[in-house]
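Since the structure comes first, as structure tokens, the remarks are kept for the end.
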Amino acid sequence: MPYNSANKSDLPTPGKATLGLHADDPDHVTSPNYPLAPSLSLSSTFRLPHPASQIGQELAETGETGLDWQKPPVHIYSRFTSETRGRTEQVLSSLLDSHALTYASGLTAAYGAILHYAPKVIAIRRGYHGVHAGIKIYSRTQDVKIIDLDDEYPKLDVGKRGDGSDTPKGGLLVWVETPLNPTGEARDLQYYTKRAHDAGGVIAVDSTFAPLQNVFEQGVDMLMHSATKYFGGHSDLLMGILAVKDKKQWDQLFDDRSHFGGMPGNMESWLLLRSLRSLQVRWRQQSTTATRLVEWLQTLVQTTSPSATVSQEDQKIIAAGVIERVWHASLQPRKDKDTSATPRFEEGKDFNPATQMKNGWPATFAFRLSDKKKAALLPHETTYFAAATSLGGVESLLEHRLGSDPTEDPCLVRVSVGLEEFEDLQADLRSALLKLI
Ligand SMILES: *Cc1c(COP(=O)(O)O)cnc(C)c1O
């Protein structure tokens with residue numbers, strides 16, 4: 001909560017956009033030298049307080065192990081804490097209604113989650129390919145069985161970490177990515193959370209494609225993000241986030257991170273804090289524009305009953321059958337069958353993703369073109385959309401996904417919608433699609 005000791009209690013609980021700007025405010029009554037943009041300190045080490053000072057005496061009494069690392073009275077070494085990283089995590093914790101910790105990249109965060117739970121069985125299906133590569137690295141040190149998300153979950157003899165906590169070790173970890181890379185389709189969190197918990201397992205969710213989705217409402221145990229994407233939002237930093245509801249679990253994650261060394265640098269933390277200020281407006285705009293583009297692209301898929309109101313140019317695209325299928329959470333639940341060579345995961349027919357995606361549809365989605373050559377060429381035929389991997393930035397991107405993930409449908413193009421005007425992005429895609437005919 002923002003804090004002002006002169007004016008403490010007369011305001012209602014702030015909304016998320018306000019928290020993004022003020023959750024880390026110093027108390028401006030008592031803090032001298034208060035720059036509005038946080039200062040950037042790159043220091044890796046800090047001068048220790050004099051033993052005769054009050055804080056020096058307190059430190060000698062509690063020792064490093066007795067410190068609350070979320071609010072340390074002093075910084076000691078930046079592998080543990082630093083001013084900017086602390087402020088960034090304070091804002092993230094407010095935005096995510098939990099205790100958040102940052103990492104050097106999304107994959108470092110994912111790996112941190114796996115090390116934390118040290119599972120013997122991981123249930124996962126598709127999604128971001130790098131997470132699968134990370135699980136392979138983990139499996140060098142552990143006998144770990146990988147099962148499909150929809151397999152039967154085993155009930156395991158679960159151990160404890162041995163640090164006095166309730167965190168299980170050697171159990172089942174259900175890893176759900178939603179919305180799913182690269183299609184932006186949602187998976188039913190309530191369903192998988194129940195299944196994981198019924199089997200005595202834990203569930204972690206990679207929610208990178210929806211930065212404001214509150215997965216804790218569905219009862220999940222851990223939230224993971226690649227902050228490189230929407231949280232960063234400007235294609236200029238790599239970072240990851242883990243968030244949990246329980247402060248004790250945060251303490252364990254903090255301890256792990258301090259000793260496997262997966263924290264982000266001060267510069268990146270500062271860049272992320274800068275980006276968090278505008279997250280809400282960026283996301284709302286990107287999500288709205290993307291959903292409009294999906295709606296339009298869906299009208300370009302060849303159907304037996306084309307609409308009479310379609311423009312001549314769009315009619316050409318429809319007649320040529322260039323776009324075979326569009327995927328996006330706003331199109332779920334869907335009745336049209338996926339007839340492609342590599343059909344996608346189909347969520348239960350009763351699942352309405354709107355119930356878990358209250359803060360907007362994904363701004364990243366995918367469509368399939370009629371052949372591989374067209375899919376490879378399209379990202380190079382546009383003007384505003386850049387042919388590039390990654391997503392979530394303010395500039396729109398197109399990617400022939402096969403280049404990043406060799407297991408992907410060769411005809412699939414992923415779209416990351418930035419902050420350009422809808423009309424310009426639509427005209428850009430239309431013109432590129434016409435060039436493919
Ligand atoms: C990008 C991404 C990751 C990996 O994050 P990095 O920051 O690149 O390490 C993990 N999951 C999803 C869904 C992603 O899009």
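Just so it is clear, none of the values below were taken in a lab; they were calculated from the coordinates. What you see is a predicted model, and the numbers here were worked out from it, not measured in a lab. Because the Cβ atoms are built from the backbone with ideal geometry, glycine has one as well, and the counts that use them run over all protein chains shown.
Would you mind getting me the FRET efficiency between Asn352 and Lys145? Use the beta-carbon distance for r and R0 = 41 Å, nearest 0.05. Don't skip to the end; give the middle numbers.
Numbers: r = 33 Å, r/R0 = 0.80.
Approximately 0.80, to the nearest 0.05.
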Checklist line | Charge dipole (the chain, unit charges on Cβ, about Cα centre) - positive-most of His28, Pro168, Leu253 | finding: Pro168
Check: Under the classification rounded if a/c is under 1.5, otherwise prolate if a/b is larger than b/c and oblate if not, where does segment 1-146 fall, given a ≥ b ≥ c as square roots of the Cα gyration tensor eigenvalues?
Finding: oblate
Check: Between Arg334 and Glu64, what is the label-to-label distance in nm when each label sits 7 Å out along the Cα-to-Cβ direction?
Finding: 5.3 nm
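Give me the one-decimal Kirkwood hydrodynamic radius in Å for segment 379-435, with the sum taken over alpha-carbon pairs. Mind showing how you got there, number by number?
Working: mean 1/r = 0.0863 Å⁻¹.
For segment 379-435, inverting the mean 1/r across all distinct Cα pairs yields 11.6 Å.
Where does the chain land at 222 nm, in deg cm²/dmol rounded to the nearest 500, when only DSSP H runs of n ≥ 4 count, each adding -39500 (n - 2.57), divided by all residues? All intermediate terms of the calculation are to be shown ahead of the outcome.
Working: 12 runs with 136 residues, N = 437.
Value at 222 nm, helices only: -9500 deg cm²/dmol.
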Next item on the list: Measure nothing fancy, just the Cα-based angle from helix 266-276's long axis to the longest principal axis of the chain, in degrees from 0 to 90, nearest 10.
Entry: 60 degrees
Item checked: Simple Cβ-charge dipole of the chain, Lys/Arg +1 and Asp/Glu -1, about Cα centre, in debye nearest 20 -> 480 debye
Check: So what is the relative contact order for the chain, in percent, with contacts set as C-alpha pairs under 8 Å and at least six apart?
Finding: 15 percent
Item checked: Cα-based Rg of the chain normalised by 2.2 N^0.38 Å, two decimals -> 1.06
Margin query: Just to be sure I understand the model, the point goes 7 Å from the Cα along the line to the Cβ. What's the resulting Phe260 to Arg161 distance in nm?
Written below: 1.1 nm
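Would you mind calculating the gained length between His28 and Thr389 on full extension (0.36 nm times residue separation, minus the Cα-Cα distance), in nm to one decimal? Present the calculation step by step, with values, prior to reporting the outcome.
Working: separation 361, 0.36 × 361 = 129.96 nm, distance 4.19 nm.
Extra length available between His28 and Thr389 comes to 125.8 nm.
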Notebook entry, point to check: For helix 422-436, what angle does its Cα long axis make with the longest principal axis of the chain, in degrees from 0 to 90 and rounded to 10?
Noted result: 50 degrees
Item checked: Inter-label distance, nm, simple model (7 Å from Cα along the C-beta direction), Ala133/Lys373 -> 3.0 nm
Note to self: Taking R0 as 22 Å, what FRET efficiency do you get between Lys71 and Leu48 from their Cβ-Cβ distance, rounded to the nearest 0.05?
What the structure shows: 0.75
Next item on the list: Run down the lysines and flag those whose C-alpha is under 22 Å from the C-alpha of Lys160, throwing out any fewer than 8 positions away in its chain.
Entry: Lys120, Lys145, Lys169, Lys194, Lys245, Lys247, Lys248
Checklist line | Positive-end residue of Leu95, Tyr153, Ser139, charge dipole of segment 63-207 with Cβ unit charges | finding: Ser139
Checklist line | lysines with Cα under 21 Å of Lys374, excluding same-chain neighbours fewer than 8 positions away | finding: Lys316, Lys435
Next item on the list: Quick one: angle between helix 106-117 and the longest Cα principal axis of the chain, in degrees between 0 and 90, rounded to 10, please.
Entry: 60 degrees
Checklist line | Set of aspartates and glutamates with alpha-carbon distance to Lys155 below 17 Å, sequence-local pairs under 8 removed | finding: Asp143, Asp198
